[in-house]
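Novice: Here it is, the structure, as C-alpha coordinates.
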Amino acid sequence: MYILKNSILNIKRNKGRNILVGIVMVIIAITSVISLVINSATTNIITDYKSQFGSEVDVELDYARIYENGNINELPNVTYEELKSYADSDYIKDYYFYLEAPGYSGKIKALDQEDDLGMEGSSGAIGAGQELPRPNIKIIGSTSYELFKEFKSGERKIIDGEIFQKENEVAISEELAKANKLKVGDTILVCSIADVKKDIPLTITGIYQDLSKLPSGTSYKDPYMNRRNEVLTNYETAVSLVGEQANMMSRIKYFLKSPDDLQVFEKEARDKGLSEYYTFNNNENLYKQIAGPVESVQKISRVFLIVVLILGAIILILLNLISLRERKYEIGVLRAIGMRKFKVVRTILYESIIVTMIAVALGLGIGSITAKPVSDKLLADQIQQRQEQLESLSGNLGGTSMAIQEDKKIIDSLDVKLDGGIIIGIFIIGGLLVIASSSISLVYITKYEPIKILSERN
(Lines give C-alpha, C1' and ligand atoms only; values in the text may rest on other atoms or scores of the structure.)
Protein backbone atom coordinates (compact mmCIF):
# COMPACT_ATOMS: atom_id res chain seq x y z
CA MET A 1 0.00 0.00 0.00
CA TYR A 2 2.90 2.34 0.81
CA ILE A 3 4.38 1.84 -2.65
CA LEU A 4 1.02 2.62 -4.31
CA LYS A 5 0.59 5.80 -2.23
CA ASN A 6 4.15 6.84 -3.01
CA SER A 7 3.50 6.27 -6.74
CA ILE A 8 0.42 8.51 -6.62
CA LEU A 9 2.42 11.22 -4.80
CA ASN A 10 5.19 10.96 -7.41
CA ILE A 11 2.63 11.49 -10.17
CA LYS A 12 1.46 14.69 -8.45
CA ARG A 13 5.05 15.88 -7.92
CA ASN A 14 5.88 15.45 -11.61
CA LYS A 15 2.67 16.81 -13.13
CA GLY A 16 4.23 18.28 -16.25
CA ARG A 17 6.03 15.13 -17.33
CA ASN A 18 3.08 12.87 -16.53
CA ILE A 19 0.62 15.16 -18.34
CA LEU A 20 2.84 14.97 -21.42
CA VAL A 21 2.99 11.17 -21.16
CA GLY A 22 -0.77 11.11 -20.61
CA ILE A 23 -1.45 13.21 -23.73
CA VAL A 24 0.65 10.85 -25.84
CA MET A 25 -1.17 7.83 -24.36
CA VAL A 26 -4.59 9.44 -24.96
CA ILE A 27 -3.72 10.04 -28.63
CA ILE A 28 -2.52 6.46 -28.98
CA ALA A 29 -5.67 5.16 -27.25
CA ILE A 30 -7.99 7.22 -29.48
CA THR A 31 -6.32 6.12 -32.70
CA SER A 32 -6.21 2.51 -31.47
CA VAL A 33 -9.92 2.56 -30.64
CA ILE A 34 -10.83 4.02 -34.03
CA SER A 35 -8.59 1.56 -35.88
CA LEU A 36 -9.77 -1.51 -33.96
CA VAL A 37 -13.45 -0.56 -34.22
CA ILE A 38 -13.15 0.03 -37.98
CA ASN A 39 -11.15 -3.19 -38.40
CA SER A 40 -13.80 -5.17 -36.51
CA ALA A 41 -16.67 -3.72 -38.57
CA THR A 42 -14.89 -4.19 -41.91
CA THR A 43 -13.81 -7.73 -41.02
CA ASN A 44 -17.43 -8.72 -40.38
CA ILE A 45 -18.56 -7.20 -43.69
CA ILE A 46 -15.70 -8.74 -45.68
CA THR A 47 -16.27 -12.16 -44.13
CA ASP A 48 -19.99 -11.99 -44.90
CA TYR A 49 -19.50 -10.86 -48.50
CA LYS A 50 -16.71 -13.33 -49.15
CA SER A 51 -19.02 -16.06 -47.95
CA GLN A 52 -21.89 -14.69 -50.04
CA PHE A 53 -20.04 -14.07 -53.29
CA GLY A 54 -17.07 -16.37 -52.96
CA SER A 55 -19.10 -19.40 -51.91
CA GLU A 56 -21.72 -19.08 -54.66
CA VAL A 57 -20.39 -20.71 -57.81
CA ASP A 58 -22.24 -20.45 -61.14
CA VAL A 59 -21.43 -23.10 -63.72
CA GLU A 60 -22.00 -21.70 -67.22
CA LEU A 61 -21.18 -22.52 -70.82
CA ASP A 62 -18.04 -20.75 -71.99
CA TYR A 63 -19.30 -19.57 -75.39
CA ALA A 64 -16.08 -17.70 -76.16
CA ARG A 65 -14.11 -20.91 -75.91
CA ILE A 66 -16.74 -22.84 -77.86
CA TYR A 67 -16.59 -20.30 -80.71
CA GLU A 68 -12.81 -20.30 -80.56
CA ASN A 69 -12.67 -24.05 -81.08
CA GLY A 70 -15.39 -24.02 -83.74
CA ASN A 71 -17.77 -26.29 -81.82
CA ILE A 72 -20.83 -24.03 -81.80
CA ASN A 73 -22.96 -26.74 -83.41
CA GLU A 74 -21.82 -29.34 -80.91
CA LEU A 75 -22.64 -27.88 -77.52
CA PRO A 76 -21.67 -30.10 -74.57
CA ASN A 77 -24.51 -31.85 -72.78
CA VAL A 78 -24.72 -32.43 -69.05
CA THR A 79 -27.57 -34.39 -67.48
CA TYR A 80 -29.41 -33.71 -64.26
CA GLU A 81 -27.87 -36.83 -62.72
CA GLU A 82 -24.39 -35.57 -63.59
CA LEU A 83 -25.11 -32.16 -62.04
CA LYS A 84 -26.24 -33.86 -58.84
CA SER A 85 -23.13 -36.03 -58.82
CA TYR A 86 -20.94 -32.91 -58.85
CA ALA A 87 -22.86 -31.68 -55.81
CA ASP A 88 -22.00 -34.93 -54.01
CA SER A 89 -18.73 -33.46 -52.77
CA ASP A 90 -17.03 -32.70 -49.47
CA TYR A 91 -16.64 -29.12 -50.66
CA ILE A 92 -20.35 -28.46 -51.33
CA LYS A 93 -22.92 -27.60 -48.67
CA ASP A 94 -25.88 -26.93 -51.00
CA TYR A 95 -26.86 -26.41 -54.64
CA TYR A 96 -29.76 -25.43 -56.84
CA PHE A 97 -30.67 -25.62 -60.52
CA TYR A 98 -33.17 -23.24 -62.09
CA LEU A 99 -34.67 -23.20 -65.58
CA GLU A 100 -37.06 -20.91 -67.45
CA ALA A 101 -38.25 -22.07 -70.87
CA PRO A 102 -41.06 -21.36 -73.36
CA GLY A 103 -43.88 -23.85 -73.44
CA TYR A 104 -46.97 -24.53 -75.53
CA SER A 105 -50.17 -26.33 -74.76
CA GLY A 106 -52.86 -26.69 -77.41
CA LYS A 107 -55.31 -28.02 -74.82
CA ILE A 108 -55.53 -24.87 -72.71
CA LYS A 109 -56.09 -21.22 -73.57
CA ALA A 110 -53.58 -18.94 -71.92
CA LEU A 111 -54.43 -15.50 -70.59
CA ASP A 112 -54.05 -12.78 -73.28
CA GLN A 113 -53.93 -15.46 -75.94
CA GLU A 114 -56.92 -14.03 -77.73
CA ASP A 115 -55.12 -10.67 -77.94
CA ASP A 116 -51.99 -12.22 -79.44
CA LEU A 117 -52.65 -11.60 -83.13
CA GLY A 118 -50.98 -14.20 -85.30
CA MET A 119 -50.80 -16.70 -82.51
CA GLU A 120 -52.74 -19.36 -84.27
CA GLY A 121 -50.84 -21.16 -87.01
CA SER A 122 -47.58 -19.32 -86.37
CA SER A 123 -44.50 -21.26 -85.43
CA GLY A 124 -40.81 -20.93 -84.77
CA ALA A 125 -37.98 -23.27 -85.67
CA ILE A 126 -36.31 -24.85 -82.67
CA GLY A 127 -34.26 -27.60 -84.20
CA ALA A 128 -33.52 -29.61 -87.30
CA GLY A 129 -36.88 -30.08 -88.99
CA GLN A 130 -38.80 -29.35 -85.80
CA GLU A 131 -41.17 -26.45 -85.32
CA LEU A 132 -43.06 -25.35 -82.22
CA PRO A 133 -46.11 -23.08 -82.18
CA ARG A 134 -45.42 -19.75 -80.52
CA PRO A 135 -45.31 -20.30 -76.74
CA ASN A 136 -48.38 -19.46 -74.71
CA ILE A 137 -47.02 -20.48 -71.30
CA LYS A 138 -43.71 -20.24 -69.48
CA ILE A 139 -42.24 -23.32 -67.79
CA ILE A 140 -40.23 -22.55 -64.65
CA GLY A 141 -38.43 -25.45 -63.03
CA SER A 142 -36.39 -25.48 -59.86
CA THR A 143 -34.77 -28.00 -57.54
CA SER A 144 -36.36 -26.29 -54.55
CA TYR A 145 -39.71 -24.68 -53.90
CA GLU A 146 -37.89 -22.17 -51.69
CA LEU A 147 -36.17 -20.72 -54.77
CA PHE A 148 -39.36 -19.07 -55.96
CA LYS A 149 -38.68 -15.73 -54.27
CA GLU A 150 -42.24 -14.51 -54.87
CA PHE A 151 -43.51 -17.06 -52.34
CA LYS A 152 -41.02 -15.81 -49.75
CA SER A 153 -41.96 -12.16 -50.30
CA GLY A 154 -45.70 -12.89 -50.24
CA GLU A 155 -46.39 -11.93 -53.86
CA ARG A 156 -47.55 -15.49 -54.45
CA LYS A 157 -49.12 -18.09 -52.21
CA ILE A 158 -50.70 -21.50 -52.61
CA ILE A 159 -54.45 -21.22 -52.11
CA ASP A 160 -55.49 -24.74 -53.15
CA GLY A 161 -53.64 -28.03 -52.96
CA GLU A 162 -49.89 -28.07 -52.40
CA ILE A 163 -46.69 -27.31 -54.22
CA PHE A 164 -45.27 -29.96 -56.56
CA GLN A 165 -43.35 -32.80 -54.94
CA LYS A 166 -42.64 -35.26 -57.74
CA GLU A 167 -41.77 -35.25 -61.42
CA ASN A 168 -44.51 -34.14 -63.85
CA GLU A 169 -46.33 -32.26 -61.08
CA VAL A 170 -47.04 -28.55 -61.50
CA ALA A 171 -48.61 -25.52 -59.85
CA ILE A 172 -50.56 -23.01 -61.96
CA SER A 173 -52.08 -19.60 -61.27
CA GLU A 174 -55.62 -19.04 -60.03
CA GLU A 175 -56.48 -17.03 -63.16
CA LEU A 176 -55.19 -19.69 -65.58
CA ALA A 177 -57.12 -22.38 -63.68
CA LYS A 178 -60.37 -20.41 -63.80
CA ALA A 179 -59.99 -19.53 -67.49
CA ASN A 180 -59.70 -23.23 -68.38
CA LYS A 181 -61.90 -24.63 -65.57
CA LEU A 182 -58.99 -26.56 -64.12
CA LYS A 183 -58.66 -27.80 -60.57
CA VAL A 184 -56.20 -29.69 -58.39
CA GLY A 185 -55.81 -33.22 -59.71
CA ASP A 186 -56.49 -32.35 -63.36
CA THR A 187 -53.94 -33.05 -66.07
CA ILE A 188 -52.72 -30.65 -68.74
CA LEU A 189 -50.80 -31.60 -71.87
CA VAL A 190 -47.68 -29.56 -72.71
CA CYS A 191 -45.75 -29.91 -75.95
CA SER A 192 -42.18 -31.07 -75.48
CA ILE A 193 -39.57 -28.80 -77.03
CA ALA A 194 -37.29 -31.81 -77.24
CA ASP A 195 -39.89 -33.65 -79.38
CA VAL A 196 -42.71 -31.44 -80.71
CA LYS A 197 -44.75 -34.50 -81.67
CA LYS A 198 -44.90 -35.56 -78.06
CA ASP A 199 -47.27 -34.13 -75.45
CA ILE A 200 -46.22 -34.59 -71.83
CA PRO A 201 -49.03 -34.90 -69.25
CA LEU A 202 -48.56 -32.73 -66.17
CA THR A 203 -50.67 -33.15 -63.04
CA ILE A 204 -51.85 -30.04 -61.23
CA THR A 205 -51.06 -30.41 -57.50
CA GLY A 206 -51.41 -26.77 -56.51
CA ILE A 207 -53.02 -23.48 -57.51
CA TYR A 208 -51.31 -20.25 -56.51
CA GLN A 209 -52.56 -16.71 -56.14
CA ASP A 210 -50.45 -13.97 -57.71
CA LEU A 211 -50.77 -10.61 -55.96
CA SER A 212 -48.32 -8.69 -58.14
CA LYS A 213 -49.56 -6.02 -60.53
CA LEU A 214 -49.29 -6.62 -64.25
CA PRO A 215 -47.89 -3.81 -66.46
CA SER A 216 -50.57 -1.78 -68.21
CA GLY A 217 -50.77 0.55 -71.18
CA THR A 218 -49.42 -1.78 -73.86
CA SER A 219 -51.56 -2.42 -76.95
CA TYR A 220 -49.90 -5.78 -77.68
CA LYS A 221 -50.06 -8.52 -75.10
CA ASP A 222 -47.87 -11.60 -75.18
CA PRO A 223 -49.23 -14.58 -73.23
CA TYR A 224 -45.69 -15.86 -72.71
CA MET A 225 -44.83 -12.67 -70.78
CA ASN A 226 -47.94 -12.81 -68.58
CA ARG A 227 -46.96 -13.90 -65.06
CA ARG A 228 -50.31 -15.66 -64.64
CA ASN A 229 -49.30 -18.07 -67.43
CA GLU A 230 -46.24 -19.33 -65.57
CA VAL A 231 -46.32 -23.06 -64.82
CA LEU A 232 -44.14 -23.94 -61.84
CA THR A 233 -42.57 -27.37 -61.56
CA ASN A 234 -39.41 -29.14 -60.46
CA TYR A 235 -36.18 -28.99 -62.41
CA GLU A 236 -36.36 -32.56 -63.72
CA THR A 237 -39.76 -31.92 -65.33
CA ALA A 238 -38.57 -28.69 -66.93
CA VAL A 239 -35.52 -30.47 -68.35
CA SER A 240 -37.69 -33.26 -69.79
CA LEU A 241 -39.79 -30.62 -71.58
CA VAL A 242 -36.78 -28.70 -72.92
CA GLY A 243 -34.32 -31.49 -73.69
CA GLU A 244 -30.72 -30.69 -74.60
CA GLN A 245 -31.45 -26.96 -74.77
CA ALA A 246 -31.75 -27.02 -70.97
CA ASN A 247 -27.96 -26.69 -70.81
CA MET A 248 -28.17 -23.23 -72.37
CA MET A 249 -31.23 -22.09 -70.39
CA SER A 250 -30.39 -23.40 -66.93
CA ARG A 251 -28.88 -21.55 -64.04
CA ILE A 252 -26.59 -23.96 -62.21
CA LYS A 253 -25.34 -22.83 -58.80
CA TYR A 254 -23.29 -24.61 -56.12
CA PHE A 255 -22.60 -23.31 -52.62
CA LEU A 256 -19.12 -24.03 -51.33
CA LYS A 257 -18.40 -24.67 -47.66
CA SER A 258 -15.46 -22.28 -48.04
CA PRO A 259 -14.63 -19.74 -50.78
CA ASP A 260 -11.10 -21.20 -50.80
CA ASP A 261 -12.42 -24.53 -52.13
CA LEU A 262 -13.27 -23.26 -55.62
CA GLN A 263 -10.21 -24.63 -57.41
CA VAL A 264 -10.30 -28.06 -55.76
CA PHE A 265 -14.05 -28.36 -56.42
CA GLU A 266 -13.56 -27.42 -60.07
CA LYS A 267 -10.82 -30.04 -60.42
CA GLU A 268 -13.05 -32.65 -58.79
CA ALA A 269 -15.93 -31.82 -61.18
CA ARG A 270 -13.58 -32.04 -64.17
CA ASP A 271 -12.33 -35.41 -62.97
CA LYS A 272 -15.96 -36.58 -62.79
CA GLY A 273 -16.42 -35.68 -66.45
CA LEU A 274 -17.58 -32.06 -66.62
CA SER A 275 -16.75 -30.64 -70.04
CA GLU A 276 -13.93 -28.14 -70.41
CA TYR A 277 -16.45 -25.86 -72.14
CA TYR A 278 -18.10 -25.10 -68.79
CA THR A 279 -16.65 -22.30 -66.69
CA PHE A 280 -16.88 -21.64 -62.93
CA ASN A 281 -17.76 -18.09 -61.82
CA ASN A 282 -18.04 -16.88 -58.24
CA ASN A 283 -18.94 -13.19 -58.73
CA GLU A 284 -15.43 -12.03 -57.86
CA ASN A 285 -15.82 -8.81 -59.86
CA LEU A 286 -19.09 -7.93 -58.14
CA TYR A 287 -17.50 -8.67 -54.76
CA LYS A 288 -14.58 -6.35 -55.52
CA GLN A 289 -16.91 -3.60 -56.64
CA ILE A 290 -19.18 -3.81 -53.59
CA ALA A 291 -16.71 -4.73 -50.85
CA GLY A 292 -13.58 -3.22 -52.43
CA PRO A 293 -13.91 0.16 -50.66
CA VAL A 294 -14.42 -1.65 -47.34
CA GLU A 295 -11.23 -3.64 -47.86
CA SER A 296 -9.36 -0.41 -48.59
CA VAL A 297 -10.65 1.15 -45.37
CA GLN A 298 -9.56 -1.94 -43.44
CA LYS A 299 -6.03 -1.74 -44.87
CA ILE A 300 -5.82 1.98 -44.05
CA SER A 301 -6.96 1.40 -40.46
CA ARG A 302 -4.43 -1.39 -39.92
CA VAL A 303 -1.50 0.58 -41.36
CA PHE A 304 -2.55 3.61 -39.34
CA LEU A 305 -2.68 1.55 -36.14
CA ILE A 306 0.76 0.03 -36.72
CA VAL A 307 2.35 3.41 -37.48
CA VAL A 308 0.78 5.07 -34.43
CA LEU A 309 1.84 2.26 -32.11
CA ILE A 310 5.43 2.30 -33.37
CA LEU A 311 5.75 6.09 -33.16
CA GLY A 312 3.94 6.16 -29.81
CA ALA A 313 6.24 3.52 -28.34
CA ILE A 314 9.31 5.46 -29.53
CA ILE A 315 8.02 8.72 -28.03
CA LEU A 316 7.19 7.04 -24.71
CA ILE A 317 10.62 5.40 -24.54
CA LEU A 318 12.28 8.79 -25.13
CA LEU A 319 10.12 10.42 -22.47
CA ASN A 320 11.00 7.65 -20.01
CA LEU A 321 14.72 8.07 -20.75
CA ILE A 322 14.44 11.79 -20.05
CA SER A 323 12.50 11.03 -16.88
CA LEU A 324 15.14 8.49 -15.84
CA ARG A 325 17.94 11.06 -16.12
CA GLU A 326 15.93 13.43 -13.92
CA ARG A 327 15.18 10.74 -11.31
CA LYS A 328 18.60 9.11 -11.06
CA TYR A 329 19.37 10.71 -7.73
CA GLU A 330 15.91 9.84 -6.33
CA ILE A 331 16.39 6.19 -7.30
CA GLY A 332 19.92 6.18 -5.80
CA VAL A 333 18.65 7.59 -2.52
CA LEU A 334 15.81 5.04 -2.29
CA ARG A 335 18.25 2.23 -2.93
CA ALA A 336 20.78 3.70 -0.44
CA ILE A 337 18.26 3.81 2.41
CA GLY A 338 17.52 0.14 1.91
CA MET A 339 14.60 -0.05 -0.56
CA ARG A 340 15.01 -3.20 -2.59
CA LYS A 341 15.22 -3.20 -6.36
CA PHE A 342 11.85 -4.92 -6.72
CA LYS A 343 10.06 -2.21 -4.73
CA VAL A 344 11.67 0.57 -6.75
CA VAL A 345 10.61 -1.20 -9.94
CA ARG A 346 7.06 -1.53 -8.61
CA THR A 347 6.94 2.17 -7.78
CA ILE A 348 7.87 3.21 -11.33
CA LEU A 349 5.58 0.59 -12.85
CA TYR A 350 2.64 1.72 -10.72
CA GLU A 351 3.18 5.31 -11.88
CA SER A 352 3.19 4.25 -15.54
CA ILE A 353 0.17 1.98 -15.09
CA ILE A 354 -1.92 4.66 -13.33
CA VAL A 355 -1.15 7.27 -16.00
CA THR A 356 -1.78 4.73 -18.76
CA MET A 357 -5.11 3.53 -17.37
CA ILE A 358 -6.42 7.09 -16.98
CA ALA A 359 -5.29 7.93 -20.52
CA VAL A 360 -6.81 4.72 -21.94
CA ALA A 361 -10.14 5.44 -20.23
CA LEU A 362 -10.22 8.92 -21.78
CA GLY A 363 -9.15 7.50 -25.13
CA LEU A 364 -11.92 4.90 -25.07
CA GLY A 365 -14.56 7.57 -24.51
CA ILE A 366 -13.29 9.97 -27.17
CA GLY A 367 -12.49 7.17 -29.63
CA SER A 368 -15.95 5.61 -29.39
CA ILE A 369 -17.51 8.98 -30.26
CA THR A 370 -15.21 9.81 -33.16
CA ALA A 371 -15.01 6.31 -34.70
CA LYS A 372 -18.28 6.61 -36.65
CA PRO A 373 -17.62 9.93 -38.45
CA VAL A 374 -14.00 8.95 -39.17
CA SER A 375 -15.02 5.56 -40.62
CA ASP A 376 -17.77 7.09 -42.76
CA LYS A 377 -15.37 9.72 -44.10
CA LEU A 378 -12.73 7.11 -44.97
CA LEU A 379 -15.33 4.89 -46.63
CA ALA A 380 -16.84 7.78 -48.60
CA ASP A 381 -13.39 8.71 -49.93
CA GLN A 382 -12.68 5.12 -50.98
CA ILE A 383 -16.08 4.78 -52.66
CA GLN A 384 -15.49 8.00 -54.60
CA GLN A 385 -12.06 6.82 -55.73
CA ARG A 386 -13.46 3.43 -56.76
CA GLN A 387 -16.30 5.02 -58.73
CA GLU A 388 -13.91 7.39 -60.49
CA GLN A 389 -11.73 4.43 -61.48
CA LEU A 390 -14.73 2.46 -62.78
CA GLU A 391 -16.11 5.46 -64.66
CA SER A 392 -12.71 6.07 -66.20
CA LEU A 393 -12.46 2.42 -67.20
CA SER A 394 -16.00 2.41 -68.62
CA GLY A 395 -15.27 5.61 -70.54
CA ASN A 396 -12.14 4.14 -72.05
CA LEU A 397 -14.08 1.05 -73.10
CA GLY A 398 -16.94 3.13 -74.47
CA GLY A 399 -19.49 1.51 -72.13
CA THR A 400 -21.93 2.49 -69.43
CA SER A 401 -20.50 3.29 -66.04
CA MET A 402 -20.44 0.22 -63.84
CA ALA A 403 -20.16 2.45 -60.81
CA ILE A 404 -23.53 3.99 -61.59
CA GLN A 405 -25.13 0.63 -62.30
CA GLU A 406 -24.09 -0.83 -58.97
CA ASP A 407 -24.46 2.37 -56.96
CA LYS A 408 -27.34 1.07 -54.89
CA LYS A 409 -25.41 -2.03 -53.88
CA ILE A 410 -22.23 -0.30 -52.68
CA ILE A 411 -21.78 -0.30 -48.90
CA ASP A 412 -21.87 3.37 -47.83
CA SER A 413 -21.73 3.03 -44.04
CA LEU A 414 -20.00 0.89 -41.42
CA ASP A 415 -21.71 -0.45 -38.32
CA VAL A 416 -18.94 0.55 -35.91
CA LYS A 417 -19.38 -0.21 -32.22
CA LEU A 418 -17.20 -0.57 -29.15
CA ASP A 419 -17.48 -4.08 -27.75
CA GLY A 420 -15.80 -5.97 -24.93
CA GLY A 421 -13.14 -7.47 -27.15
CA ILE A 422 -12.00 -4.04 -28.35
CA ILE A 423 -11.93 -2.64 -24.80
CA ILE A 424 -9.78 -5.56 -23.66
CA GLY A 425 -7.55 -5.08 -26.71
CA ILE A 426 -7.01 -1.39 -25.90
CA PHE A 427 -5.99 -2.18 -22.33
CA ILE A 428 -3.63 -4.90 -23.61
CA ILE A 429 -2.06 -2.36 -25.97
CA GLY A 430 -1.68 0.05 -23.07
CA GLY A 431 -0.03 -2.65 -20.98
CA LEU A 432 2.42 -3.53 -23.74
CA LEU A 433 3.32 0.14 -24.16
CA VAL A 434 3.96 0.40 -20.42
CA ILE A 435 6.29 -2.60 -20.57
CA ALA A 436 8.06 -1.30 -23.69
CA SER A 437 8.53 2.24 -22.41
CA SER A 438 9.56 1.20 -18.87
CA SER A 439 11.86 -1.65 -19.84
CA ILE A 440 14.99 0.54 -20.14
CA SER A 441 14.30 2.09 -16.73
CA LEU A 442 13.81 -1.33 -15.17
CA VAL A 443 17.10 -2.58 -16.67
CA TYR A 444 18.91 0.48 -15.34
CA ILE A 445 17.50 0.07 -11.83
CA THR A 446 18.30 -3.63 -11.60
CA LYS A 447 21.76 -3.31 -13.17
CA TYR A 448 23.39 -0.50 -11.19
CA GLU A 449 24.11 -0.28 -7.44
CA PRO A 450 23.07 2.80 -5.41
CA ILE A 451 26.70 3.88 -4.76
CA LYS A 452 27.36 3.98 -8.51
CA ILE A 453 24.18 5.99 -9.14
CA LEU A 454 25.05 8.51 -6.41
CA SER A 455 28.66 8.77 -7.57
CA GLU A 456 27.48 9.54 -11.11
CA ARG A 457 25.31 12.25 -9.61
CA ASN A 458 28.36 13.81 -7.88
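The values are calculated or read from the model by the stated rules, or taken from the named source; none is laboratory data. None of these values were measured; they are calculated from a predicted model. No Cβ is skipped: glycine too gets one built from the backbone with ideal geometry, and neighbour counts run over all protein chains shown. What goes into the accessible areas is simple: the full protein's heavy atoms, side chains included, and nothing from ligands, DNA or RNA. Shrake-Rupley method; radii C 1.70, N 1.55, O 1.52, S 1.80 Å.
Novice: At 7 Å along Cα-to-Cβ for each site, give me the label-to-label distance between ASP90 and LEU189 in nm.
Specialist: Using points 7 Å along Cα→Cβ, the separation is 5.2 nm.
Novice: Can you give the extra length, in nm with one decimal, that the chain gains between LEU321 and GLU244 once fully stretched, where that is 0.36 nm per residue apart less the Cα-Cα distance?
Specialist: Value of the extension gain: 19.7 nm.
Novice: So if we plug the beta-carbon distance of LYS157 and ILE23 into 1/(1 + (r/R0)^6) with R0 = 60 Å, what FRET efficiency do we get, rounded to 0.05?
Specialist: Plugging the Cβ-Cβ distance into 1/(1 + (r/R0)^6) gives 0.40.
Novice: Report the full-extension gain for the segment GLU74 to PHE255: residue separation times 0.36 nm, less the Cα-Cα distance, to one decimal in nm.
Specialist: Full extension of this stretch gives 62.3 nm more.
Novice: For the range 166-267, treating each Cα as an identical point scatterer without solvent, what Debye log10 I(q)/I(0) comes out at q = 0.10, 0.15, 0.17, 0.21 1/Å?
Specialist: At q = 0.10, 0.15, 0.17, 0.21 Å⁻¹ the computed log10 ratios are -0.42, -0.79, -0.92, -1.15.
Novice: Label 7 Å along Cα→Cβ of THR203; the range 139-175 residues with amide nitrogen under 20 Å?
Specialist: Within reach of a label on THR203: 140-145, 158-173.
Novice: Under a 5 Å amide H to amide H cut-off, with H placed in plane at 1.01 Å, what residues pair with ASP94 once short-range neighbours are removed?
Specialist: Hits under the 5 Å cutoff: PHE255.
Novice: Would you rank GLU276, GLU81 by solvent-accessible area, highest first, keeping every protein chain in place and using a 1.4 Å probe?
Specialist: Sorted by accessible area, descending: GLU81, GLU276.
Novice: Further, regarding this structure: Using 1/(1 + (r/R0)^6) with R0 = 25 angstrom and r between the beta carbons of ARG340 and LYS12, what's the FRET efficiency to the nearest 0.05?
Specialist: For ARG340 and LYS12, the calculated efficiency is 0.55.
Novice: Rounded to the nearest 0.05, what FRET efficiency is calculated for ALA179 and GLU81 with R0 set to 45 Å and r the Cβ-Cβ distance? Before the final figure, lay out each step's value.
Specialist: Working: r = 37 Å, r/R0 = 0.82.
Efficiency for this residue pair is about 0.75.
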